[in-house]
Amino acid sequence: MTESEQKIKMQLQCPMPKLDFDIITLGHGSGGLLTNRLLDSGVFDLLKNDLLDERHDGAIFEVEAGRMAFSTDSYVISPVFFPGGNIGELAVNGTVNDLAMCGARAKYLSLGFILEEGLTMREFWDILLGIKYAAEQAGIQIVTGDTKVVERGKGDKIFINTSGVGMLHPRAQISKKRVQPGDVVLISGSVATHGMAIMSVRQGLEFETDIVSDTTNLNHTVMAMLDLFGEKIHLLHDPTRGGVATVLNELARDTRLGIDLLERNIPVLEEVAGACELLGLDPLYVANEGIFIAVVAAEAADSVLEFLQADPNGAAAAIIGNITAEHPRQVLLHSTIGGKRVVNMPVGEQLPRIC
Amino acid sequence: MKFLNEYRDADVVAQYLDEIRRTATQPWTIMEVCGGQTHSLVKNGLIQLLPDKVRMVHGPGCPVCVTPLHQIDKAVHLAMEHGVILCSYGDMLRVPGSKMSLLEAKAAGADVRILYSPLEAVKIARENPGKEVVFFAVGFETTAPANALSVIHAQRAGVGNYSILTSHVLVPPAIEAVMNDDASHIQGFLAAGHVCAIVGIDEYYPLVERYKIPVVVTGFEPVDLLQGILMVVRQLEKGEHRLENQYSRIVRPEGNPEARKVIAQVFETTDREWRGIGNIPMSGYELRPEFSAYDANKKFNVNIEKVSESAECIAGLVLKGIKKPHECPQFGKKCRPESPLGAPMVSSEGACAAYYHFSQAMEEVA
């Protein structure tokens, strides 16, 4: 079954309950009767698990011995529905992936909503289904949560915060400190896909395209990779906001090493490259979901690449560069035609060009 | 990407570079007029690949860079004080006005929206009948047809709450301004391919004759640029000056007749101030009197003080190709993309930003 077929199946299995309200109002965040009615309407059933069912102020659980990772992220995307997903899926995948980048398998997530008065129950339900779908795919549980409602105009439909904990893979030794000259930089998939999917539906910039966000969990891929390569994986990073260029610039700055990038190796989907061309955007600076950068020991690079390419999340994986002691703190791109240029840190959001 | 990758082929690039190297027997200074060409030259690392004998100088063809400070202040004023929905192309937003940029106005509560097409602004006007919607119509001849069309659409649909704040500029008068400057030492031009795709190439014949300089209408991809440069160098080496069209796959000599018709219907030529350069006679478009109801300059009574540019910014010299961006004492110091002194440091097509982003540290690297 394809991903979109699975999502449709879930929608059919979880029809929106009949409610005596169609939109979220301030009262739904009051903590009183309306809040309970909203949560009882099916939210708890949808995300059901023993810890959540306790309906306590927090979740209480046993932990295994070992190292844990803890991460948090807030999601404020506009529009909240986009080709290939919605903010709910992003909110789960994002934190699951942040934990995966630490080398941890996410286990429990918290879920905080800030809803804007006027959000329709239909929209909220679809977002909840996105959360449920992403949680099931990632194999995590939502164990505690919170819902607040702000006045109309004070939010943008819905803001979500998720925090998560997970156990570190026993062989994970992921740290910027382990990055050294000679290491190889890999990317697990095509760049700029998610950012351009969002851009294509953003008001004022809409363009017709088949680009679909690649948002997905990466924890299964990363855990399998750590099973095989463990300490050979020196660093993992998901190049979300600011794109690949930002992540690599931060890496170069923090390690005081240089990075050589090979433009011809950087995978970009044909339609994404075309859309970037049209809007005057550089794919290296466009936001990503569903892909990660791995800095690995040189001797393991080819095997890691082979592993990634065989993984469903890594079909387009590629070696895109390497770490060098030359040109410290700088990311240098070797252009397809044989030129060189410095890839700088972006100032702010990339803005589409005039002509 | 089909129709693009062919022009980004490493082998073809190497062949053209060889040919340029073989052809150039003495130093030549060539200006690429268009900011898009500057961007491509640095983005692809072509500047370093060209032989030393060929010195590329970046021209004034960046619409963001040459839009006068006063116009930006006006746009900010309309957004902040008149409560209009101010729509603009994206890269105009970060350009500093005398007090603030449009991006800062947005943060301060103004309704500023990034659009890719002015027709979208007409749609917004239709959806917000109680608000005035102003489109900041910036650009060279390339964006003029779409901006003109938006006015025609608004008029046809009876959308009365739409207007444009025009700051259109034209390429040929800018080339003249560069050539008329005594400090200029440009020996040949790459003319902007996309501008010519709209208005054709006829306007360039008189320039070639008057200044006895080669002009080659050139595209934007690496192979386009190198081919254009080679064509200029060949002419220079032979002591010739002709108008040639490298970008013939896109540019027809007569341009795009439909687009020209729309421009002629809506706009007329006028004197225009260029940021950093000053007033250039007959170098811009403004709305014809019959469309004055859609002219934000006339619709709103904006009385704001004219503020002079930062004295430390040498944008005028950079835009005319007299100085290179890194020859400015403030380059990369006081003037950086996050705190620009002048507009060429803002847009990715601005010569200063292009230099900063792509090649600022190349000397260290090389």
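No value in this document is a laboratory result; all are computed from the given coordinates. If you're wondering where the values come from, they're calculated on a predicted model, not measured in any experiment. So basically every Cβ, Gly included, is an ideal-geometry build from the backbone, and we count neighbours across all protein chains shown.
Need one word for the protein assembly as shown: rounded, prolate or oblate. Basis is the Cα gyration tensor (sqrt eigenvalues a ≥ b ≥ c); a/c below 1.5 gives rounded, then a/b vs b/c decides.
Numbers: a/c = 2.33, a/b = 1.42, b/c = 1.65.
Because a/c hits 1.5 or more and a/b fails to exceed b/c, the protein assembly as shown counts as oblate.
Listed here are the pairs B:Lys131/B:Lys261; B:Lys74/B:Lys333; A:Lys157/B:Lys131; which of them are more than 26 Å apart at the Cα? From B:Lys131/B:Lys261; B:Lys74/B:Lys333; A:Lys157/B:Lys131, over 26 Å: B:Lys131/B:Lys261; B:Lys74/B:Lys333. Computed from point charges on the beta carbon alone (+1 for Lys and Arg, -1 for Asp and Glu), the dipole magnitude for the protein assembly as shown about its Cα centre is near 1220 Debye. Let's test the formula: R0 of 22 Å, r as the Cβ-Cβ distance of B:Asp202 and B:Glu268. What FRET efficiency results, to the nearest 0.05? It comes to 0.75. Within a straight-line Cα-Cα reach of under 18 Å, A:Lys177 can be paired with the following lysines, leaving aside sequence neighbours fewer than 8 residues apart in one chain: A:Lys232. Springs join every pair of Cα atoms under 10 Å in this Gaussian network model of chain B, and among B:Val199, B:Val171, B:Val159 the largest mean-square fluctuation is at B:Val159.
Just need the relative contact order of segment A:176-343 here, percent rounded to a whole number, with Cα pairs under 8 Å and 6+ apart. Spell out each step's value before the answer.
Details: 357 pairs, mean separation 71.2, N = 168.
So the answer I get is 42 percent.
Summarising the amide proton neighbourhood of A:Thr147: residues at separation of 5 or more, or on other chains, whose placed amide H is nearer than 5 Å comprise A:Phe113. Each other residue within a Cβ distance under 10 Å of A:Asn161 adds +1 if Lys or Arg and -1 if Asp or Glu, for a net charge of -2. Ranked for footprinting exposure by Cβ neighbours inside 10 Å, fewest first, B:His357, B:His70 give B:His70, B:His357. Straight-line reach from A:Lys7: which aspartates and glutamates have Cα under 19 Å away, leaving out those fewer than 8 places along the same chain? Within the straight-line limit of under 19 Å, A:Lys7 reaches these aspartates and glutamates: A:Asp45, A:Glu89, A:Glu123, A:Asp126, A:Glu136, A:Asp210, A:Asp214, A:Glu289. As a proxy for reagent exposure, B:Phe189, A:Phe229 were ordered by neighbouring Cβ count within 10 angstrom, fewest first; the result is A:Phe229, B:Phe189. Among A:Gly258, A:Gly145, A:Gly31, the residue with the largest mean-square fluctuation in a Gaussian network model of chain A, with springs joining Cα atoms closer than 10 Å, is A:Gly31.
Please go through segment A:1-92 and write out the GluC sites (Glu not before Pro) that DSSP classes as loop and that have at most 16 other C-beta atoms within 10 Å.
Details: sites: A:Glu3, A:Glu5, A:Glu54, A:Glu62, A:Glu64, A:Glu89; in loops: A:Glu54, A:Glu62, A:Glu64.
Sites meeting the loop and neighbour criteria: A:Glu54, A:Glu62, A:Glu64.
Quick one: compute the contact order of chain B, relative version, from alpha carbon pairs under 8 angstrom and 6+ residues apart, as a percent. Taking the mean separation of contacting Cα pairs over the length of chain B, I get 22 percent.
Scanning residues 5 or more positions from B:Phe135 or on other chains, those with amide H under 5 Å from its amide H are B:Cys87, B:Ser163, B:Ile164, B:Leu165, with H placed 1.01 Å from N in the peptide plane. Within the same chain, aspartates and glutamates fewer than 8 places from A:Lys154 are excluded, and of the rest, those with a Cα less than 12 Å from its Cα are A:Glu116, A:Glu117.
Other chains near A:257-270: what is the mean number of their Cβ atoms within 10 Å of each residue's Cβ? If you can, show how the numbers build up before the last one.
Working: counts 0, 1, 0, 0, 0, 0, 4, 2, 0, 0, 0, 1, 0, 2.
Taking the mean over all residues of the peptide, I get 1.
Per-residue mean of other chain beta-carbon atoms within 10 angstrom of the beta-carbon, peptide B:39-49?
Values: counts 3, 0, 1, 3, 6, 9, 12, 5, 3, 4, 5.
So the per-residue partner count for this stretch is 5.
Across segment A:7-168, C-alpha contacts under 8 Å between residues 6 or more apart give a mean separation that, scaled by the residue count, equals a relative contact order of 37 percent. Applying the Karplus relation 6.51 cos²θ - 1.76 cosθ + 1.60 with θ = phi - 60° to segment A:32-44 yields 3J(HN,Hα) values of x, 4, 5, 4, 4, 5, 5, 5, 6, 4, x, 4, 5 Hz, where x marks Gly and Pro. Placing a pseudo-label 7 Å from each Cα along the Cα-to-Cβ vector at B:Arg210 and B:Val307 gives an inter-label distance of 3.5 nm.
Result for chain B in a Gaussian network model with C-alpha springs under 10 Å: among B:Val215, B:Val262, B:Val307, the largest mean-square fluctuation is at B:Val307.
Rounded, prolate or oblate: which fits segment A:176-343 when a ≥ b ≥ c are the square roots of the eigenvalues of the alpha-carbon gyration tensor, with rounded for a/c under 1.5 and prolate only if a/b beats b/c?
Details: a/c = 1.98, a/b = 1.32, b/c = 1.50.
It comes out oblate by the Cα gyration axes.
Taking other Cβ atoms within 10 Å as a rough exposure proxy, B:Cys65, B:Cys328 sort from fewest to most as B:Cys328, B:Cys65.
Under the classification rounded if a/c is under 1.5, otherwise prolate if a/b is larger than b/c and oblate if not, where does segment B:99-155 fall, given a ≥ b ≥ c as square roots of the Cα gyration tensor eigenvalues? Verdict is oblate for segment B:99-155.
What does the charge add up to near B:Ala121, with Lys and Arg as +1, Asp and Glu as -1, over the other residues with Cβ less than 14 Å from its Cβ? Before the final figure, lay out the partial values.
On the way: positive: B:Arg113, B:Lys123, B:Arg126, B:Lys131; negative: A:Glu206, B:Asp111, B:Glu120, B:Glu127, B:Glu132.
For residues surrounding B:Ala121, the net value is -1.
What FRET efficiency do you get for A:Phe81 and A:Glu54 if R0 is 30 Å and r is their Cβ-Cβ distance, rounded to the nearest 0.05?
The formula returns an efficiency of 0.40 here.
Find how many whole Å separate the alpha carbon centroid of segment A:33-50 from the alpha carbon centroid of segment A:53-132. Going from one Cα centre to the other spans 16 Å. Of A:Ala134, A:Gly204, A:Thr144, which is farthest along the charge dipole of segment A:87-213 in the positive direction, counting Lys and Arg as +1 and Asp and Glu as -1 at C-beta? Value: A:Thr144.
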